[in-house]
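Working notes for the structure below.
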Amino acid sequence: MSTLGPLVLGAVAYDPKVVTIWDGFQQYFRSHGLEFDYVLYTNYESQVEAHVLGHVQVAWNSPLAWLEAERVATRIGRRADALCMRDSDRDLTSLILVRADSDIESVTDLHGRRIAVGASDSPQATLIPLSHLADHGLLPGTDFTTIGFDRLVGKHGDHIGGERDAVRALVHGEADAACLIDANHLAFGREGTIPAGVTRILAQTPAYDHCNFTVFEDAPPAEVARFRDLLLGMSYADPEVRPLLDLEGLKRWVPGRTVGYAQLASAVDRMDTINACVDRLVARCA
């Protein structure tokens with residue numbers, strides 16, 4: 001088998017398990033004819049910058065980092081593509097919870113209340129649900145008070161501590177509502193952060209997508225094609241990769257798509273979330 005590469009990937013170290021995940025995938029790719037390495041970053045903005053400047057050829061991006069990369073590329077005459085994503089990255093929703101004994105019965109009842117959110121750059125626990133409320137005529141700071149839990153800003157909510165703290169604030173009566181992604185609603189229930197019967201779902205956003213492997217148009221085509229084929233060819237039944245897929249939270253890799261980012265794009269435009277970052281990176285490329 002001929003060996004391609006090296007292909008260098010950028011990923012954000014939001015948890016110690018990230019090293020285990022990418023060490024394992026590195027061994028897998030190398031054993032299947034793709035010389036592969038990875039670089040870890042402490043935040044997505046540094047990763048997007050490194051990718052734009054050519055320090056890595058592919059990036060495992062949050063949805064917010066995807067928008068940053070795609071908008072920088074458009075501004076400088078390049079093209080960003082979403083190569084692959086997890087099956088678990090598709091069709092997610094965010095929830096707005098209230099206490100089960102609350103008198104809040106509709107979104108409009110949140111007027112004048114306290115709403116707990118996650119990190120300020122979290123798509124799922126802040127940007128998308130707050131934009132959803134704005135679609136219903138409720139603006140943060142004007143129509144309700146936002147209680148933010150800025151845990152590890154720069155990791156775009158991948159570290160879910162902010163979401164967990166937001167829910168705890170609701171459970172303890174320090175907030176009237178809390179925002180989180182649907183998967184964490186289930187996880188927090190299992191772990192006991194949300195005691196049974198204490199909260200209920202008030203509202204749910206439309207579906208959206210999460211992370212993807214991002215490449216630019218000048219990425220090495222043979223290596224990228226091999227990387228994509230190896231990802232899509234992984235089987236959850238394979239004992240070599242199943243532990244890694246479990247750590248990364250998926251059953252299978254699927255082709256990337258971008259239709260699921262429209263809701264977040266609208267949110268960041270409304271809140272002016274990434275324009276400064278995009279402007280800075282465009283200037284770096286001048």
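The values are calculated or read from the model by the stated rules, or taken from the named source; none is laboratory data. As the structure is a computational prediction, the values presented were derived from the model and not from experiment. No Cβ is skipped: glycine too gets one built from the backbone with ideal geometry, and neighbour counts run over all protein chains shown. When the accessible area is computed, the model is the full protein with side chains, heavy atoms only, and any ligands, DNA or RNA have been set aside. Shrake-Rupley method; radii C 1.70, N 1.55, O 1.52, S 1.80 Å.
Miscellaneous remarks
- Full extension of the chain between A222 and H55 gives 58.3 nm of extra length, using 0.36 nm per residue less the Cα-Cα distance.
- Heavy-atom accessible area for T199, with the other protein chains in place and a 1.4 Å probe, reaches approximately 20 Å².
- Among the chymotrypsin sites (Phe, Trp or Tyr not before Pro) in segment 199-241, those placed in a DSSP loop whose Cβ has at most 16 other Cβ atoms within 10 Å are Y236.
- In Å², nearest 10: area of D23 left accessible to a 1.4 Å probe: 60 Å²
- When DSSP beta bridges are restricted to pairs lying wholly in the chain, around 55% turn out antiparallel.
- Averaging Cα coordinates gives a centre for segment 1-60 and one for segment 232-286; these two points are 14 Å apart.
- For the chain, relative contact order (Cα pairs under 8 Å, six or more residues apart, normalised by length) works out to 28 percent.
- Surface composition of the chain: carbon and sulfur atoms hold 51% of the protein heavy-atom accessible area at a 1.4 Å probe.
- Calculated from backbone phi, Karplus (6.51, -1.76, 1.60) coupling profile of segment 201-209 in Hz, x at Gly/Pro: 7, 8, 8, 9, 6, x, 6, 8, 10
- Shown are E45, E35, E191, whose ranking by accessible area with a 1.4 Å probe and every protein chain present, most to least, is E191, E35, E45.
- Residue-normalised accessible area of the chain, given per residue in Å² at a 1.4 Å probe: 41 Å²
- The listed residues K155, K17 rank as K17, K155 when sorted by accessible area, largest first, using a 1.4 Å probe.
- Residues whose placed amide H lies under 5 Å from that of V12, excluding near-sequence neighbours: Y41
- What the phi angles of segment 227-233 give under the Karplus curve with 6.51, -1.76 and 1.60, with θ = phi - 60°, is a coupling list of 4, 5, 5, 5, 4, 5, x Hz, glycine and proline written as x.
- Each residue of segment 156-167 is assigned a 3J(HN,Hα), and the resulting list reads 6, x, 4, 7, 8, x, x, 5, 4, 5, 4, 5 Hz, derived from the Karplus form 6.51 cos²θ - 1.76 cosθ + 1.60 (θ = phi - 60°), x at Gly and Pro.
- Segment 94-204 - Rg over Rh from alpha carbon coordinates, Kirkwood radius: 0.93
- Taking N as its residue count, the alpha carbon Rg of segment 190-286 over 2.2 N^0.38 Å: 1.53
- Cα long-axis angle, helix 17-31 against the chain (0 to 90 degrees, to the nearest 10): 30 degrees
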